[in-house]
Amino acid sequence: MKNILSLKDISYSYNSNKSVLEDVNIDFKKGKFYTIVGPSGSGKTTLISLACGLDVPSSGEIFYMEESLKNISLEKYRNKFVSIIFQGYNLLNYLSAIENITAAMNIKGIKTSNNKEFAIDMLNRVGITKEQGMQKTLTLSGGQQQRVAIARALCCDSDLIIADEPTGNLDEETSKEIISLFKDIVETENKTVIMVTHDTKIASMSDETFLVKEKSVNKLFYK
């Protein structure tokens with residue numbers, strides 16, 4: 001199975017003297033659901049920022065589909081190949097849920113026969129009705145806003161979805177529904193999901209889990 005994302009000999013330091021990650025090597029396969037766990041301040045967000053192309057390593061190299069991000073360019077990688085889901089949703093509150101999605105599609109240059117209908121269909125898939133989709137996102141609940149953020153990521157048609165604690169602000173039942181949605185996306189669309197979580201129960205539901213601790217990243221085995 002081909003690696004969709006590989007981190008090779010990755011190290012990262014702040015201000016050239018505070019080391020956060022050292023000699024990290026991870027391969028992520030296509031069509032898998034991964035979780036990343038670790039203590040607060042261990043470097044989980046740094047790892048995700050590197051994987052998203054939002055930051056660059058101090059040393060080492062990152063590959064997407066076996067091509068270096070240095071060759072792809074970070075801007076192209078972020079725009080075309082990876083979708084990011086933030087804990088804070090990062091939705092435009094003055095726009096409706098549908099408009100949030102179509103705006104993201106326009107930015108990424110994605111055109112369908114009808115982007116609005118495409119967005120409505122995707123919202124329905126994640127449990128948001130057309131009526132809810134027409135509401136401004138600030139009127140939706142936290143769980144609904146997270147579903148909109150997931151629908152936005154799916155509409156951008158990236159094979160790689162990276163999520164930074166998307167269930168961190170949600171109740172247990174809604175969190176389970178979001179994880180079930182991720183698992184369904186992986187299984188039915190052969191996408192790769194990499195998700196940071198602090199919840200070991202959620203982590204145990206993924207295909208593989210990595211622990212970030214003491215500047216290193218190691219695979220955990222729950223099953």
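Derivation of every value follows stated rules applied to the coordinates shown; laboratory data play no part. Note that the coordinates shown come from a computational prediction; the quantities given were computed from them, not determined experimentally. Please note: Cβ atoms are built from the backbone with ideal geometry, for glycine as well, and neighbour counts cover all protein chains shown.
Observations, loosely collected:
- Taking the helices alone, the chain has a mean residue ellipticity at 222 nm of -9500 deg cm²/dmol, built from -39,500 (n - 2.57) per DSSP H run of at least 4 residues and averaged over all its residues.
- Amide H contacts under 5 Å for V82, placed H, 5+ residues apart: none
- Read-out log10 I(q)/I(0) by the Debye sum over Cα atoms at q = 0.08, 0.09, 0.13 Å⁻¹, derived from the coordinates shown; its label in [x] -0.34, -0.39, -0.70; [y] -0.24, -0.31, -0.67; [z] -0.28, -0.35, -0.74: [z]
- Efficiency of FRET between Y14 and L138 - r from beta-carbon atoms, R0 35 angstrom, step 0.05: 0.55
- Note, ³J(HN,Hα) from phi for segment 158-170, Karplus 6.51, -1.76, 1.60, rounded to Hz, x at Gly and Pro: 8, 6, 10, 10, 10, 10, 9, 6, x, 9, x, 9, 10
- Relative packing of 97-104, 211-218, 11-18, which averages over residues the other C-beta atoms within 10 Å, highest first: 97-104, 211-218, 11-18
- Of the GluC sites (Glu not before Pro) found in segment 115-175, no site is in coil according to DSSP while having at most 11 other Cβ atoms within 10 Å of its Cβ.
- Our estimate of slack between N218 and N169, defined as 0.36 nm per intervening residue step minus the Cα-Cα distance, is 15.0 nm.
- Under Karplus coefficients 6.51, -1.76 and 1.60, residue-wise ³J(HN,Hα) of segment 33-42 in Hz, glycine/proline x: 10, 10, 10, 10, 10, x, x, 4, x, 7
- Note that segment 191-203 has calculated 3J(HN,Hα) couplings of 8, 10, 10, 10, 10, 7, 8, 9, 9, 5, 5, 5, 4 Hz, one per residue in order, obtained from phi through the Karplus relation 6.51 cos²θ - 1.76 cosθ + 1.60 (θ = phi - 60°); glycine and proline are x.
- Dipole check for the chain: with +1 at the C-beta of Lys and Arg, -1 at the C-beta of Asp and Glu, and the Cα centre as origin, the magnitude is about 260 Debye.
- Highest to lowest packing among 67-78, 132-143, scored as the average C-beta count within 10 Å: 132-143, 67-78
- Centroid-to-centroid separation of segment 33-62 and segment 100-153 [C-alpha atoms, Å]: 27
- Beta-bridge orientation, the chain: approximately 55 percent antiparallel, per DSSP, counting only bridges with both partners inside.
- The share of Cα pairs per 5 Å bin across segment 14-55, counted from zero up to the longest distance, runs 5, 16, 27, 31, 13, 5, 2, 0 percent.
- Computed label-point distance, nm, for sites K183 and E117 using a 7 Å Cα→Cβ extension: 3.4
- Mean sequence separation of contacting Cα pairs (under 8 Å, at least six apart), scaled by the length of the chain, corresponds to a relative contact order of 30 percent.
- The distance between label points at D55 and E67 comes to 2.6 nm (points 7 Å beyond Cα on the Cα→Cβ vector).
- Each of S42, N25, L69 was placed along the dipole of segment 14-117 (beta-carbon charges, centred on the mean Cα), and the one lying farthest toward the positive end is L69.
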